[in-house]
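The values are calculated or read from the model by the stated rules, or taken from the named source; none is laboratory data. Everything numeric in this text was worked out from a predicted model, so none of it was measured. Heads up, the Cβs are rebuilt from the backbone with ideal geometry, glycines too, and the neighbour counts pull from every protein chain shown.
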């Protein structure tokens, strides 16, 4: 178990309004009652008192009911105060309070009790206030981890909740039956990509009633905050009769007055990540007497069925389930991959390191577009993909290598390469990873900004709930991709000194002095764009979720093409007759195996 699964807190402060009555302030047209700018410090948890301010959950193993061990059935064994202190799971280091699980014990029985850890709940309860949480370190994103900081009664306010290797923090509100406390919902047009801009997190679910949403609640996803950061960050929650809202900041970006508590003024902090207002929820009826809970869990039953922890979930089953017809359509939609500036960069980097051209491996090869290009330069080439039908399609297309032999294909995922009969262990001398965000409107496109909004609405809005962690890694241009030397068990044969990262046209911006996207944009019809969009895994999952809409004029791709045409002033034309120019934002990682 990695030692980075630690939670280091400098302080947790609670401020209350200086006056009993809320005042109404304006954020656009949203009525958000608050005493912003009129808070006074009411309570503080820091290194002088932190561990004395909490009750400690303890797992009981004397019954056959596993919920006595953990109410969410996690692979964990919670320790009482004395044991947690003895084991070093709670400790004070300087002015920092450290909470961590046992990272030394090797657990060999997956059916037994799990890892010793800590779950604590504040002795004090709260009603309303401004809560500031200053983390010096946050648990790294690792398989099986489930760190959380919530306000809790029978319902919960999730300020920090991160599952597995997901590259986002879930900020969520959970309420009981709407029939008991009235409806509590987000304004469904209040998140980025879904309409206006009062809330910056991605909106995932807008109904807070856990019984109506399989315990999901009204949930938002924060992709930009400091979650998983070894440098920590600051989180803030404002709770009044009129609103509940949350913010997060990386170190160095924290507004003045937040950390020292001198003049916390939410009104000056900009749009929150999460915002629930009194216009769509009776907040005082739904949320009361909240305590603060901090929990380091492993696996367990999340909102839904807990499938998030399975290997199958993280291997993205979408392409594995492809039919022969879908594989053929994928091949048509992805077109032909040609040797361009990216391949030139790869080959130049390889040659500079005196690399050989004996064998190339294309992992996640799909139907072999890139594999067939590599075959022009290498004597032996293997394409590997977990989808049987993708590999079957690639084999039908065939192709020969520079050495004259046929391209080989195997049904293998990246995690299964050790079973390959073609690639020998420790034989790789160059790793490459390339991504391209293909739906960026060229500035020359008529009404390019509106066209881009229509394209972004597809990806950020309609397809957002169907995004898997692997999709997010690509969309963020591999900014957070774990690299060999940064792993808990580093692969020492690779190092930053022998590696190179290059990127072009980030956020759709042309390079300085350029008049086109690097490599040239693509002039294509909307019909051709639709064929390409149809191959996206998130589109496939959207259609599986909405089979009654798939293929109709309300299909996610059909809607997008129509919106693009309307933005260009060509809404009456057929997709085959509307042409536009699109470009790509591209990132390329080159990692050379050290010669020594």
**Fill in**
Of those in the range 399-442 that are modelled with pLDDT of 85 or more and surrounded by fewer than 16 Cβ atoms within 10 Å (Cβ to Cβ), the residue nearest to residue 491 (Cα to Cα) is 411
**Request:** Could you tell me whether any residue of the range 482-490 is surrounded by 18 or more Cβ atoms within 10 Å (Cβ to Cβ), within 24 Å of residue 454 (Cβ to Cβ) and touching a residue at least 60 places away in the same chain (Cβ under 8 Å)?
**Result:** no
**Request:** Please work out if residue 49 is closer than 30 Å to residue 270 by Cα, in the same structural domain as residue 129 (by TED's automatic domain parsing) and at pLDDT below 95.
**Result:** no
**Conditions (1) buried (at least 19 other Cβ atoms within 10 Å of the Cβ); (2) in a loop (DSSP other than H, G, I, E, B); (3) within 20 Å of the chain's Cα centre (by Cα): number failed by residue 518** = (3)
**Asked** How many residues does the range 491-505 hold that are surrounded by fewer than 14 Cβ atoms within 10 Å (Cβ to Cβ) and either part of a helix (DSSP H, G or I) or not assigned by TED's automatic domain parsing to the domain that holds residue 582 (or both)?
**Response** 2
**Prompt:** Restricting the search to the range 477-490, which residues are in a loop (DSSP other than H, G, I, E, B) and closer than 18 Å to residue 166 by Cβ?
**Reply:** 477, 478, 479, 480, 481, 482, 487, 488
**Prompt:** So, of the residues in the range 175-189 that are within 25 Å of residue 269 (Cα to Cα) and buried (at least 24 other Cβ atoms within 10 Å of the Cβ), which turns out to be modelled with the highest pLDDT?
**Reply:** 184
**Request:** Read through the list (1) within 30 Å of residue 111 (Cβ to Cβ); (2) surrounded by 21 or more Cβ atoms within 10 Å (Cβ to Cβ); (3) at pLDDT below 90, then give the number of the only condition that residue 39 fails.
**Result:** (1)
**Fill in**
Subset of the range 202-225, residues modelled with pLDDT under 85, assigned to a loop (DSSP other than H, G, I, E, B) and in contact with a strand residue (DSSP E or B) (Cβ under 6 Å, 6 or more places away or on another chain), comes to 206, 213, 216
**Prompt:** Restricting attention to the range 71-78, does a residue exist that is without any contact (Cβ under 8 Å) to a residue 24 or more places away in the chain, surrounded by fewer than 22 Cβ atoms within 10 Å (Cβ to Cβ) and over 23 Å from residue 254 (Cα atoms)?
**Reply:** yes
**Prompt:** When you scan the range 238-271, how many residues do you find that are under 30 Å from residue 482 (Cβ atoms), modelled with pLDDT of 90 or more and crowded, with 17+ Cβ neighbours inside 10 Å?
**Reply:** 5
**Request:** Scan the range 265-281 residue by residue and report those that are in contact with a strand residue (DSSP E or B) (Cβ under 6 Å, 6 or more places away or on another chain) and over 9 Å from residue 245 (Cα atoms).
**Result:** 266, 267, 269, 280
**Asked** Which of the residues belonging to the range 103-123 are at pLDDT 90 or above and assigned to a loop (DSSP other than H, G, I, E, B)?
**Response** 118, 123
**Message:** List the helices (runs of 4 or more DSSP H) inside the range 358-476, counting only whole elements, that have at least 1 residues being out of contact with any helix residue (DSSP H, G or I) (no Cβ under 6 Å at 6 or more places or on another chain), over 30 Å from residue 164 (Cα atoms) and without any contact (Cβ under 8 Å) to a residue 60 or more places away in the chain.
**Reply:** 369-374, 388-397, 448-456
**Request:** Sort out which residues of the range 537-594 are more than 19 Å from residue 527 (Cβ to Cβ) and in a loop (DSSP other than H, G, I, E, B), and write them in order of number.
**Result:** 546, 547, 548, 549, 593, 594
**Message:** Condition (residue is touching a helix residue (DSSP H, G or I) at 6+ places or on another chain (Cβ under 6 Å), at pLDDT 85 or above and not assigned by TED's automatic domain parsing to the domain that holds residue 223) applied to the range 510-525: is it met by at least one residue?
**Reply:** yes
